[in-house]
Amino acid sequence: MKIEILFPEFCNLFGDMYNMKYLKMCVPEAEFIETALDEVPAFVHEDVNLIYLGPMTEKTQEKVIKRLMPYKERIEELIEKNVFFLFTGNAVEVLGKYIENENGSKIEGIGIFDVYAKRDMMHRHNSYMIGMYGNIEIVGFKSQFTKMYGDNSNEYFLVVEKGIGINEKSKLEGIKKNNFIGTYLLGPILIENPLFTEKVLQAIGAKEDIALKDDTIAAYEARLRELKKLG
C-alpha cells in the first residue's frame, strides 16, 4: 500500500499533517511517500492508494497550481478510478476554476471542479462545524480567508448541521467525487473523526482497525456533545 503526501514542507498549516501521522499509526506497514514541491509526484507514474494535500499559504497555492497543472488529466483519471484523495483546508481550491483576489484579479486553477474561491484577506472566517457524511456526524473547525462558490449540489462532502458550507449561504460543505474528498475542515479531521477514518481505511483497502480506537472514539463523542451545546 502506498500513500503519497504532497508538498509537506509547505502544505502543513493548522497541524493538519497529523492526519498523516495518525494514518501511519493506523497502517504502519504502508509506504508513505513525501513528495517535495520541486519533485514529480509519485502518482504520475505509479499507482498509489491515497493522495493527501494539506492547507497552505496563498502564495503556496499559486506554486502548487503551477506544479500540478501538467498532471490535470492524470488527476482526473485517478479520480475516475476511485483512488482516494484527501485535500484539507484551502487545498481543494487549487482544483477549482480560479481563485479571485480582492482587487478582482484571478489566479487560474487547475479546473477539475466547477467551483471558484474568493479571497478576503482582511477578514478571516473562524467557526466550528458539524456535518453529516452519510449516517456519520463529522466535527471540525474552519479558519480561512477564502470561501468557495459555485454549484456543488451533486458533488458535496457534508450536509451541514451546525456552521456553514462552502460559503455562508450554503449548507453543503466541501467537494466529493467518487473517492476524492476536499474539505475546508481542519482538525486534523482523521484524528477528530474516527468513524470517518474507518471509512477511509476501508476505501483504501486497509485491513487494520483505527489506532487508539477506544480513546479516539471517546474524545470524538465528547467533542460532539460539546459542539452541540454551543449556540
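The values are calculated or read from the model by the stated rules, or taken from the named source; none is laboratory data. Bear in mind the structure is a predicted one, so any value in this text is a computation, not a measurement. Backbone-built Cβ (ideal geometry, glycine too); neighbour counts: all protein chains shown.
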Every residue from region 166-189 that is in a loop (DSSP other than H, G, I, E, B) and either in contact with a His (Cβ under 6 Å, 6 or more places away or on another chain) or touching a residue at least 24 places away in the same chain (Cβ under 8 Å) (or both): Ile166, Gly174, Asn178, Asn179, Tyr184, Leu185, Gly187, Pro188
Residue in region 137-145 that is surrounded by fewer than 18 Cβ atoms within 10 Å (Cβ to Cβ), among the hydroxyl-bearing types (Ser, Thr, Tyr) and either more than 15 Å from the chain's Cα centre (by Cα) or at positive phi (or both) present: no
Of all residues making up region 95-117, the number that are in contact with a strand residue (DSSP E or B) (Cβ under 9 Å, 6 or more places away or on another chain), of a type outside the set (S, T, N, Q) and free of Cβ contacts under 8 Å to residues at least 40 places away in the same chain: 8
Some residue of region 101-108 being within 17 Å of the chain's Cα centre (by Cα), surrounded by 15 or more Cβ atoms within 10 Å (Cβ to Cβ) and modelled with pLDDT of 95 or more: no
